[in-house]
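The values are calculated or read from the model by the stated rules, or taken from the named source; none is laboratory data. What you see is a predicted model; the values in this text were computed from it and never measured. No Cβ is skipped: glycine too gets one built from the backbone with ideal geometry, and neighbour counts run over all protein chains shown. Just so you know, the surface numbers come from the protein's heavy atoms only, side chains and all, with ligands and any DNA or RNA stripped out. Shrake-Rupley method; radii C 1.70, N 1.55, O 1.52, S 1.80 Å.
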Amino acid sequence: MSDQENTINIRNISIKCANCNTYQTLSGFGKREDWNVYTYECEDSGCDPAVTRTLVEVPQHLDEFANRDPQWRGGGRHGELGDA
């Protein structure tokens, strides 16, 4: 197996809201110990982000998306400054 077969690319994953079944958008990125944490929020304005927000944790060593640019600090509304 190649290294690429043993990685996770968060951009290849779709997240849907369990409340309204609408797709969620990547809105934040952070790190927690040996994990990268991606935050998704519902695209439907009728859903409360505090209730429907989804966190996806990916082991850092398997995270193809973040590992391709180690200085990347997040996307969406946090892209300019990133999340500490």
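Which of the residues that make up the stretch 1-34 are part of a strand (DSSP E or B), of a type outside the set (D, E, K, R) and surrounded by fewer than 15 Cβ atoms within 10 Å (Cβ to Cβ)? Steps first, answer last, please.
Filtering the stretch 1-34 down to residues part of a strand (DSSP E or B) leaves 8, 16, 23-32.
Among the residues that remain, those that are also of a type outside the set (D, E, K, R) are: 8, 23-30.
Listed by number, the residues that qualify are 23, 25.
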Restricting the stretch 68-82 to residues that are crowded, with 16+ Cβ neighbours inside 10 Å and not charged (D, E, K, R), the residue that is modelled with the lowest pLDDT: 78
I'd like to know if the stretch 37-51 contains one or more residues that are modelled with pLDDT of 90 or more, touching a strand residue (DSSP E or B) at 6+ places or on another chain (Cβ under 8 Å), open to solvent by 60 Å² or more (accessible area, probe 1.4 Å) and assigned to a strand (DSSP E or B). no
